[in-house]
Amino acid sequence: FEKEFASYCGSSHCIGVANGLDALILILEAYKHMGIMKEGDEVIVPCNTYIASILAISKAGLIPILVEPHPDTFNLDPHKAKEAITKKTKAILQVHLYGQMSHVKEMRELCDSNGLKLIEDAAQSHGAVHEGKKAGAWGDAAGFSFYPGKNLGALGDAGAVTTNDQDLADIVRHMANYGSEKKYFNRFKGVNSRLDELQAAFLNVKLKRLDTDTAQRRELAKIYDKGIVNPMIQLPTWESKGFAHVFHLYVVRCSKRDELQQYLMDNGIQTVIHYPIPPHKQEAYAEWNDLSFPLTERIHAEVLSLPMSPVLSVQQADFIIQKINEFE
């Protein structure tokens, strides 16, 4: 599976690990062992993301620097990221939120011109493409999650790191195996974070259907785009030049989000809020609770994920559209 997924992403190496959070932590810890980062260094990260992106930075002893997203894509804004760079910045952790590639070309250029590492949080973007290059191949390293609900999901927790850096790949592999490159000989203070062979076998079967499933997700997204005409509903921005969204989630915005969610539930339509509370307002980061990121806070108050899956039928999508258009 590691060889197949590396080939699929267009990267030289894939190292299976236990989950997506571990993938990101191991990348950052490996860079510390390589002398590229040290405790207290800064990593720029979007404040509009699932908390795992930020937890990885904290767990590695680095400092998360929160930056607002672009208002159209909800992904990290390159211009705001540039403004956040300081002498202590060592990397940008870029999240491809909801399955849409972030502004990777601009971010790649920004990192190269400032001597920074570009790390992709690709947990939601298996197969997403920009200018013919997939998620997992743009950054110096990328972390993937194969949690069961992902576009490429295992039957339990699983994850992977992709990279073209041989040294990084070796260190990540050793650190994920108790820090050992040879049994009973431990080079690092590592952890036990290996991809279970059974999960890898399932993933290798499902990988062969990933592009077919993604095409179905895009067709459903087009049906939603064409059918939803309620002026209270803001549709997602996609089909930008050179980008290919994989629609892990189809996320709309509504100023009456909670009422909309309850209305849809009353009509037998389940939705999910990704995510109800931004990381800087979580109890886990109480030291940030007084910070204000207005766009992120507005996004978290308005977003709602509609049903999106390769097994969702056109008839079901049409029913969802009908009910959304009837919402007042």
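The values are calculated or read from the model by the stated rules, or taken from the named source; none is laboratory data. Not measured: the values here are computed from a predicted model. Here the Cβ positions follow ideal geometry from the backbone for every residue, glycine too, while neighbour counts run over all protein chains shown. Accessible surface areas use protein heavy atoms only, side chains included; no ligands, DNA or RNA. Shrake-Rupley method; radii C 1.70, N 1.55, O 1.52, S 1.80 Å.
Give me the accessible area of Tyr50, 1.4 Å probe, in Å² rounded to the nearest 10. Tyr50 exposes around 120 Å² with every protein chain in place. Per the Debye calculation on the stretch 231-292 with a single equal scatterer at every Cα and no solvent contribution, log₁₀ I(q)/I(0) for q = 0.20, 0.27 Å⁻¹ amounts to -0.95, -1.09. If you look at the Cα atoms of the stretch 223-328, you get an Rg and a Dmax of 15.3, 48 Å. The mean accessible area for residues of the stretch 169-328, using a 1.4 Å probe and ignoring ligands and nucleic acids, is 56 Å² per residue. Taking all Cα pairs closer than 8 Å and separated by 6 or more residues, the relative contact order of the stretch 253-328 comes to 41 percent.
Heavy-atom accessible area with a 1.4 Å probe sorts Thr214, Thr237, largest first, into Thr237, Thr214. Taking every pair of alpha-carbon atoms in the stretch 158-313, give the share separated by more than 29 Å as a whole percent. Tail of the P(r) past 29 Å holds 46 percent of the pairs.
If you sort Leu312, Leu203 by accessible surface, 1.4 Å probe, largest first, the order is Leu312, Leu203. Over all pairs of different C-alpha atoms, the stretch 86-195 has a mean inverse distance whose reciprocal, the Kirkwood radius, equals 15.1 Å.
Tell me, what is the percent relative contact order of the stretch 1-94, built from C-alpha pairs under 8 Å that lie six or more residues apart? Reported relative contact order: 27 percent. Computed from Cα atoms, the angle from the helix 104-114 axis to the main principal axis of the chain rounds to 40 degrees. Between Met34 and Ala286, full extension at 0.36 nm per residue minus the direct alpha carbon distance yields a gain of 87.6 nm.
Taking every DSSP beta bridge that has both ends in the stretch 22-181, the antiparallel portion is near 35%. Computed from backbone phi with θ = phi - 60° and the Karplus coefficients 6.51, -1.76 and 1.60, the 3J(HN,Hα) list for the stretch 313-328 is 7, 4, 4, 5, 4, 5, 5, 4, 4, 4, 5, 5, 5, 8, 5, 10 Hz; x is used for glycine and proline.
Remark on Gly190: its backbone amide H falls under 5 Å from those of Gly179, a criterion applied only to residues 5 or more positions apart or on other chains, H modelled at 1.01 Å from N.
Across every pair of non-identical alpha carbons in the stretch 182-232, the mean reciprocal distance, once inverted, gives a Kirkwood radius of 15.4 Å. Here the accessible area of the chain is 50 percent carbon and sulfur, with a 1.4 angstrom probe and all protein chains present.
In the chain, the longest principal axis of the Cα atoms and the axis of helix 20-33 are about 30 degrees apart. Enter the angle in degrees (range 0 to 90, nearest 10) between the Cα long axis of helix 197-207 and the first principal axis of the Cα atoms of the chain, meaning the one along which they spread out most. The two axes meet at around 50 degrees.
The residues neighbouring Leu260, those whose beta-carbon lies less than 12 Å from its own, together hold a net charge of -2 under the Lys/Arg +1, Asp/Glu -1 convention.
Ranking Phe5, Leu97, Ile277 by how far each Cα lies toward the positive end of the dipole of the chain (charges on Cβ) leaves Phe5 at the top.
Expressed to the nearest 5 percent, the antiparallel share of DSSP beta bridges inside the chain is 60 percent.
A Cα-only calculation for the stretch 189-277 places Rg and Dmax at 18.0, 56 Å. If you take all other residues with their beta carbon under 11 Å from the beta carbon of Ile65, and give Lys and Arg +1 and Asp and Glu -1, the sum is 0. Net charge of the neighbourhood of Gly20, taken over other residues with C-beta under 11 Å away and scored Lys/Arg +1, Asp/Glu -1, is -2. Most simply put, the stretch 29-98 has about 10% antiparallel DSSP beta bridges, counting only bridges with both residues inside it.
If you take the alpha carbon atoms of the stretch 63-115 and fit the smallest convex hull around them, that volume is 75 Å³ per residue. Its Kirkwood hydrodynamic radius, worked out from the mean inverse distance over all distinct Cα pairs, puts the stretch 102-147 at 10.8 Å. Normalised by the number of residues in the chain, the mean separation of alpha-carbon contacts (under 8 Å, six or more apart) gives a relative contact order of 19 percent.
Translational diffusion of the chain, estimated by Stokes-Einstein from the Kirkwood radius over alpha carbon pairs at 10 °C in a medium of 1.306 mPa s, is 78 µm² per second. Per residue, the convex hull spanned by the Cα atoms of the stretch 1-94 amounts to 116 cubic angstrom.
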